[in-house]
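Notes follow once the structure below has been shown.
The values are calculated or read from the model by the stated rules, or taken from the named source; none is laboratory data. Computed from a predicted model, the values in this text were never measured in an experiment. Quick reminder, even Gly has a Cβ in these numbers, built from the backbone with ideal geometry, and neighbours come from all protein chains shown.
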Amino acid sequence: MDYKKILSRFKDRNILVIGDIILDHYIWGRVSRISPEAPVPVVEVTKESFLLGGAANVAHNIVSLGGRASVIGMNGQDVAGEALMNILKQRGVNCDGIFTENRPTTVKTRVIAHNQQVVRFDREDKKYVDGKILKGLLGYINSVLLRYDAVIVSDYQKGMISAELISDIVKKARPKEMFIAVDPKVGHFDFYKGVSLVTPNVMEASNGSNVEIRDDKTLLKAGKRLMKKLSCRAVLITRGEHGMSLFEKRKVTHIPTVARKVYDVTGAGDTVISACTLAHASGATLEEAAVIANHAAGIVVGEVGTAVASAEQIMESFK
């Protein structure tokens, strides 16, 4: 397959990302002593940075890979919400579908010292969207959905993704056979029936299938059970240092990892679903798309903090 040709088509593809948008806040520093007040390290802060997380990072990945992205989600009427919107706009993501609501913007703050995460604390409101807000979201999604080449649902279990929302998207997309990919979360697998692709990690796949993945035999059982349970076209299980396993109706393909070094897996799932969906929308088979996604993931795990890959980096990785 001519991967260069597929990557060159990314610029012509327009992807809709629906899900939980998150602001990733990083506090960087160094540790040289333990606190006299408690047995905890004292981090001397050297810098702070703000990055996109969740569905916002998926959209950023699409743009970084050369495609076009629009994101639908919610943020709060707060400083974090303003910061998130500013970063999205700077990255070239269409934010027309972001609804500002009376709830805090989801913020994950990570303290990093000497390339190691010391602690993380989250600010969030995880109650499900309902009532008028849900009605408004569904109305907006229905009005724009068919303009796009594919849809990614980025579920971080922060209240945006519900069974009703997924069901509505699938119903609207089915007549056009629109490709819908879902990055799933534990506890929500019953929501995803009828989508095209789900991309769980091993823990999520184990939980969603009720099969503890311990070896190749249980991996095959879990993947096939998820395919049947969700009535989807494919399941792509990401397996860390063991690469990925793609389950389709008539075959299973194991793809070994290409990562040379792993510093931080934060956001790797966002990169996988972004690259896989964009590649498939650009004419790649699901197997070819998974190979491209595997190379993209190998790039981002070599960076500390939420990172993205470019089409040029992926081509270099193939070489």
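Numbers below:
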quantity: Residue, farthest from residue 201 (Cα to Cα), within region 268-300, restricted to residues that are among the hydrophobic types (A, V, I, L, M, F, W, C) and touching a Lys or Arg at 6+ places or on another chain (Cβ under 8 Å); calculated: 281
quantity: Complete set of residues in region 208-223 that are surrounded by fewer than 18 Cβ atoms within 10 Å (Cβ to Cβ) and either touching a Lys or Arg at 6+ places or on another chain (Cβ under 9 Å) or part of a helix (DSSP H, G or I) (or both); calculated: 210, 216, 217, 218, 220, 221
quantity: Filter pass, residue 153 being more than 14 Å from the chain's Cα centre (by Cα) and on the phi < 0 side of the Ramachandran plot; calculated: no
quantity: Hey, residue 175 farther than 21 Å from residue 102 by Cα and touching an Asp or Glu at 6+ places or on another chain (Cβ under 9 Å) or not; calculated: no
quantity: Among (1) touching a Phe, Trp or Tyr at 6+ places or on another chain (Cβ under 7 Å); (2) modelled with pLDDT of 85 or more, the one test that residue 303 misses; calculated: (2)
quantity: Residues being free of Cβ contacts under 8 Å to residues at least 40 places away in the same chain and crowded, with 24+ Cβ neighbours inside 10 Å - total across region 227-240; calculated: 2
quantity: Residue 55 vs. criteria closer than 30 Å to residue 43 by Cβ and either touching a Leu at 6+ places or on another chain (Cβ under 7 Å) or of a type in the set (Ser, Thr, Tyr) (or both); calculated: no
quantity: Yes/no for residue 247 being of a type in the set (Phe, Trp, Tyr) and buried (at least 22 other Cβ atoms within 10 Å of the Cβ); calculated: yes
quantity: Unmet criterion (only one of (1) of a type in the set (S, T, N, Q); (2) surrounded by 13 or more Cβ atoms within 10 Å (Cβ to Cβ); (3) part of a strand (DSSP E or B)) for residue 61; calculated: (3)
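Quick grid of which residues meet (1) over 30 Å from residue 279 (Cα atoms); (2) among the hydrophobic types (A, V, I, L, M, F, W, C); (3) touching a residue at least 12 places away in the same chain (Cβ under 8 Å):
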site: 14; (1), (2), (3): no, no, yes
site: 35; (1), (2), (3): yes, no, no
site: 42; (1), (2), (3): yes, yes, no
site: 45; (1), (2), (3): yes, yes, yes
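Residue by residue, here is whether (1) buried (at least 24 other Cβ atoms within 10 Å of the Cβ); (2) over 16 Å from the mean Cα position of the chain (by Cα) holds:
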| position | (1), (2) |
| --- | --- |
| 2 | no, yes |
| 6 | no, yes |
| 9 | no, yes |
| 17 | yes, no |
| 23 | yes, no |
| 43 | no, yes |
| 57 | yes, no |
| 75 | yes, yes |
| 84 | yes, yes |
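Conditions tested, residue by residue: (1) touching a residue at least 40 places away in the same chain (Cβ under 8 Å); (2) loosely packed, with under 14 Cβ neighbours inside 10 Å; (3) not in a loop (DSSP other than H, G, I, E, B).
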{"site": "142", "(1), (2), (3)": "no, yes, yes"}
{"site": "145", "(1), (2), (3)": "yes, no, yes"}
{"site": "151", "(1), (2), (3)": "yes, no, yes"}
{"site": "157", "(1), (2), (3)": "yes, no, no"}
{"site": "166", "(1), (2), (3)": "no, no, yes"}
{"site": "169", "(1), (2), (3)": "yes, no, yes"}
{"site": "175", "(1), (2), (3)": "no, yes, yes"}
{"site": "187", "(1), (2), (3)": "no, yes, no"}
